[in-house]
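Structure, as structure tokens:
Derivation of every value follows stated rules applied to the coordinates shown; laboratory data play no part. What you are looking at is a predicted structure, and each value in this text was computed from that prediction instead of being measured. Heads up, the Cβs are rebuilt from the backbone with ideal geometry, glycines too, and the neighbour counts pull from every protein chain shown.
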Amino acid sequence: MIGTTGLNDLRVDCIVGIYEHERIKTQEVLIDVEIDYDFAKAAASDAIPDAIDYDAVASLLTTLLQTRRFQLIETMAEESAALLLERQERAVAVRLEIRKPAAVPAASSSFVRVERVRQ
């Protein structure tokens, strides 16, 4: 029974960008993450050890983004997806959209979207 769990609009303040001012002051990025996995065992047991713990997902992503100091959100998305597939053993696929609201003043945000499937 493949299903999806995830987070919408996870807010993380981090250093991200190529311009000098972006390398000095943190800015907010917003992340939507979807993780596909077989949640039959979790549904039957009603126990978090059998599920994808989205609090742990939020913590993993927040730590990565705040310590890595990315220049590009493309790199941020790739490394985030790889980390989730590595650490969330039940995950069969990960989809991420990362938005950077302050990137272009005339737009509500810039974004990248990736989908990665466990090989």
Exercise. From Glu74, Glu34, which residue is within 24 Å of Glu115 (Cα to Cα), of a type outside the set (Phe, Trp, Tyr) and in contact with a Gly (Cβ under 6 Å, 6 or more places away or on another chain)?
Worked result: Glu34
For this session: Could you please let me know if Arg11 is touching a residue at least 24 places away in the same chain (Cβ under 8 Å) and more than 17 Å from Val117 (Cβ to Cβ)?
Result: no
Exercise. Taking segment 1-51 only, how many residues are closer than 20 Å to Arg99 by Cα and touching a strand residue (DSSP E or B) at 6+ places or on another chain (Cβ under 9 Å)?
Worked result: 23
Exercise. Quick one: in segment 27-46, which of the residues that are without any contact (Cβ under 8 Å) to a residue 24 or more places away in the chain and out of contact with any helix residue (DSSP H, G or I) (no Cβ under 9 Å at 6 or more places or on another chain) is surrounded by the fewest Cβ atoms within 10 Å (Cβ to Cβ)?
Worked result: Asp46
Problem set entry | Residue tally, condition in contact (Cβ under 8 Å) with a residue 60 or more places away in the chain, closer than 15 Å to Thr5 by Cβ and out of contact with any Phe, Trp or Tyr (no Cβ under 7 Å at 6 or more places or on another chain), over segment 70-106 | 3
Problem set entry | Set Glu89, Glu20, Glu79: member being under 18 Å from Glu115 (Cβ atoms) and acidic (Asp, Glu) | Glu79
